[in-house]
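Structure record follows, encoded as structure tokens.
The values are calculated or read from the model by the stated rules, or taken from the named source; none is laboratory data. Bear in mind the structure is a predicted one, so any value in this text is a computation, not a measurement. Here the Cβ is made from the backbone with ideal geometry for all residues, glycine too, and neighbour counts use every protein chain on show. For accessibility, only protein heavy atoms count, side chains too; no ligands or nucleic acids. Shrake-Rupley method; radii C 1.70, N 1.55, O 1.52, S 1.80 Å.
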Amino acid sequence: MWKGEEGSDSSAPAQFRASQLNLIIQIGLKTPIAEAEAVFATAIQFTQKHPGRIIILCPTQNPEQLETLNGKLFSQCYIGESQREMCCCEALILEYSPDDPRSLFNQVSIWLESDLPVYHWFHRIPLKYVKNRHLNFVKNSKRVLFDSQIETDDYSEIPTPDPWRIRDLADARMLPVKQSIGQILSTFEEQAIIKGLTGIKLLCEAEDQANAVQLSKWLHVCLSATEGYSQMELKPGIEIESRTDPQKGIEVIFEYSNDQEFSWAMSKNGNYAYTRAIVGGCSNRHCITLRKNDPETVLAEAIFFGR
Amino acid sequence: MVSSSSLSTMSNSARHPFLTGLSKHRGAQPTILVIFGASGDLTRRKLIPALYNLGVDNLLPSDFKFIGFGRKIIPNEKFREFSKDSIEQFSRRSPEKDVWSRIEPNIEYHPGNYDDLAAFEALHKRIHDIEKEHERQFQLLFYISTPPGVFEPIISNLGASKLSRHGQSSGLKPKVVIEKPFGRDLDTAKSLNQTIRNQFDEDQVYRIDHYLGKETVQDLLVQRFANAIFEPIWNREYVSSVQITVAEQLGVGSRAGYYDQSGALRDMIQNHTMQLLSLTAMEPPVSLDPESIRDEKVKVLKAIQPLDLKKDAGDAVRAQYREGLIEGKRVPGYKEEQDVPIGSSTESYAALRLFINNWRWKGVPFYLRSGKRMARRVSEIAIQFKRPPGILFSEGDRFDLSHNVMVIQVQPDEGVTLLLNSKIPGLETRTQPVKMHFNYSTTYGSNTPEAYERLILDAMIGDSTLFIRGDETEESWRIITPVLDYWKNCGQRGLETYASGSWGPLAAERLLWDLRHEWRRPSN
């Protein structure tokens, strides 16, 4: 099917059933159908680049009628332009009773691909259920994922000796923003950035609040690592304010007591960022193209990177 | 103008605080990349697609400009079309409109001769203009992708035009990436290094060997040092021999004019094969920082003993391909190829037997071979282990015991294979070799970056791990140059031939006979 050209990689197709991880996605009872489908689609897209076994746990609406664990198998083969781009992914969709979590962990364990890491994504599972019923999943997963843009509970409260294993998709989603801000600010001397800095304001729509929280945490870490910051008498605070602006998404404003300025504002569609800087005697303005990561890339970032 | 005091100096060990939490590959400084040889084959097939894919992955710096520099006069629009075509033809991922629309406006072309200082001064002025437009300073990355004959004028003119010192006062030292071949022998390599040192510091220089950008080559250090099971047996007590093969099916084609000046020893063995050897044989570095790794590579090259060049029993064999069959089609021999001079004694195949005089490898032969028009295209490292003591399973008619072999396949089908002996199912105990195989594409999917993507990005962020240091390239030439000189003096004497589509000349088998080894025949 893919006859190679002379000198190209024309060896015969090898086995295509790749697998490098297990991904368990646990969907909560209050998840709207469209949202569940979006999560499922994200997982399938993700495994096209990172082949793995997906297990999706869907709570039944009628637990009294569920006598056994029901399951469906979804299988899809992705065929690209060359033999190297063919891979197949499988998703096992299990219907379970939220009232009977005891057998769930054992039942799921037999479906996992052995010796490969397990990642667990809680989607609209109340934190109290995670703590009381599903800690086994937490203990046996290399990372636990949640999305603070959706969840109202603070998943960082999950008891675990390794808090860094709990990863927020909102944090991963902010990677292009952090990269954009970081690339610009890293061209200025660090002490110049904090000279006269009185505060940082993050402005956003209400729906972006969780993303802004992650961004503020990152900015705080960066400030703390800046030479001279610890000696500042009045440490600049970081505030998040809700606002509605037809032109802008998230906006970051550094406030100074001197003539310095720094601002970074995302366009409404997220494709551009407008920056303005007067820092350390240097003045510039930019319109930078931003490329938001698609959901499967965000998932990959949360699973494989960061600490 | 941008204030020079507004820029921070970044070293590998002291990252800017506002890059906290971002991998080093996400912190590339604003960069102007100037490619010399912009309309050439390498730029078209590899470099531009690599830039595009970096753009897809959001890894290009927030401010990025690409300037093609070449002798032809090409309008900017035409050069952008050329770039777009190259992406459409050669990118590993299909072109996306929004990614291209971001990159396209930042591409321009600057015509000029490589020996024309005025052209370089005009380039410098253009760079100043770009910085003024953007009100910021850019890191300059010069990529020399030209025939080797113009390396020195380009480097000299980068110095004379002060491009090599642009931005230095603000901590953004320009960098220069140089493609192989790096010299023709030890003297020319030293001379080139000196020319470079006159204009650039060593930490500004990135000598590229694209093999180092391949995933399996990078994986070699992980395989060796991230797994406890290999290092204890990676030495003369357990290893019988190491074979490194870089074989091509292609002939010289339209490149005979260049190739005939070079030959297999210069074209492949001095660089790619020696890199594979040094990574296979080096001692564990004290850390993963670039200098620690490169120190160990240089150390092992220094321990390679000079080759014995006796005519019939020496350590080197050379040959030219003659006509034969490649994939069922008849192909001409080297001497019948277009532009090959009559009476050419250039080798299209070379094989060496090397010994490393250190505690780890004393007495273990390293067999290196590379050639064109061989049976298949393959690059691999095969570590053959000694047989177990003949206590159990020693009856040859019942037990077909193979050497354990670990094969690291660099291309195609990157992966690792381990050959073990196993029992054949049945009532009797009989053995047979079996393969345990790990294949990159079927384990990780198809998302592995191309070598040049990794290398260009590493040059941008200042990570020199996958580039070759000046002393490293000189050590490699120290080993190879006496062979070149000897062959040059011999002329046609000792030049063997081999049929196209074969694994090389019979004379190459002689290198392995003494120790009762055999050349591998790598299969799919």
Scan region B:41-56 and give yes if some residue there is within 19 Å of residue B:138 (Cβ to Cβ) and within 14 Å of chain A (Cβ to nearest Cβ), otherwise no.
yes
Testing residue A:131 on (1) assigned to a helix (DSSP H, G or I); (2) buried (at least 22 other Cβ atoms within 10 Å of the Cβ), one condition comes back false. Which one is that?
(2)
So the strands (runs of 3 or more DSSP E) completely within region A:18-92 holding 3 or more residues that are hydrophobic (A, V, I, L, M, F, W, C), modelled with pLDDT of 75 or more and surrounded by fewer than 16 Cβ atoms within 10 Å (Cβ to Cβ) are A:70-78
Go through B:162, B:125, B:84 for me and flag whichever is among the basic types (Lys, Arg), away from every other protein chain (no Cβ under 14 Å) and crowded, with 17+ Cβ neighbours inside 10 Å.
B:84
Residue that is touching a Gly at 6+ places or on another chain (Cβ under 8 Å) and not basic (Lys, Arg), where the choices are A:206, A:172:
A:172
Residues that are under 18 Å from the mean Cα position of the chain (by Cα) and crowded, with 22+ Cβ neighbours inside 10 Å: list the helices (runs of 4 or more DSSP H) wholly contained in region B:431-524 that include at least 1 such residues.
B:451-461, B:470-490
Return the total of residues in region B:390-405 being assigned to a strand (DSSP E or B) and at pLDDT below 75.
1
Determine, yes or no, whether residue A:116 is surrounded by fewer than 18 Cβ atoms within 10 Å (Cβ to Cβ), farther than 15 Å from residue A:58 by Cβ and modelled with pLDDT of 90 or more.
no
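Which members of region A:166-190 meet the condition of being in a helix (DSSP H, G or I) and facing chain B (nearest Cβ under 8 Å)?
Initially, region A:166-190 is screened for residues in a helix (DSSP H, G or I), giving A:169-173, A:175-185, A:190.
Once the filter is applied, which keeps residues that are in a helix (DSSP H, G or I) and facing chain B (nearest Cβ under 8 Å), region A:166-190 yields A:175, A:176, A:178, A:179, A:180, A:181, A:182, A:183, A:184, A:185, A:190.
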Residue A:207 at pLDDT below 90 and away from chain B (no Cβ under 12 Å):
yes
Quick check on this structure: which one of A:254, A:188, A:305 is at pLDDT below 90 and open to solvent by less than 40 Å² (accessible area, probe 1.4 Å)?
A:188
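For the structure I just gave you, tell me whether residue A:111 is aromatic (Phe, Trp, Tyr) and part of a strand (DSSP E or B). Walk me through it before giving the result.
Values: aromatic (Phe, Trp, Tyr): yes; part of a strand (DSSP E or B): no.
No.
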Somewhere in region A:214-229, is a residue in contact (Cβ under 8 Å) with a residue 60 or more places away in the chain, buried (at least 21 other Cβ atoms within 10 Å of the Cβ) and either under 20 Å from residue B:17 (Cα atoms) or away from chain B (no Cβ under 12 Å) (or both)?
yes
Looking only at region B:303-310, decide whether some residue is small (Gly, Ala, Ser) and either outside any loop (DSSP other than H, G, I, E, B) or under 22 Å from the mean Cα position of the chain (by Cα) (or both).
yes
Give me a count of the residues in region A:26-53 that are away from chain B (no Cβ under 14 Å), β-branched (Val, Ile, Thr) and more than 17 Å from residue A:101 (Cα to Cα).
4
Any pair with Cβ under 7 angstrom, 6 or more apart, that starts in region B:408-430 at a residue that is touching a residue at least 60 places away in the same chain (Cβ under 8 Å) and under 22 Å from residue B:211 (Cβ atoms) and ends at one that is of a type in the set (Phe, Trp, Tyr) and open to solvent by 50 Å² or more (accessible area, probe 1.4 Å):
B:415/B:438; B:416/B:438
Of residues in region B:102-157 being among the basic types (Lys, Arg) and part of a helix (DSSP H, G or I), the one nearest to residue B:51 (Cα to Cα):
B:102
Flag if residue B:133 is open to solvent by 50 Å² or more (accessible area, probe 1.4 Å) and either modelled with pLDDT under 95 or within 31 Å of the chain's Cα centre (by Cα) (or both):
yes
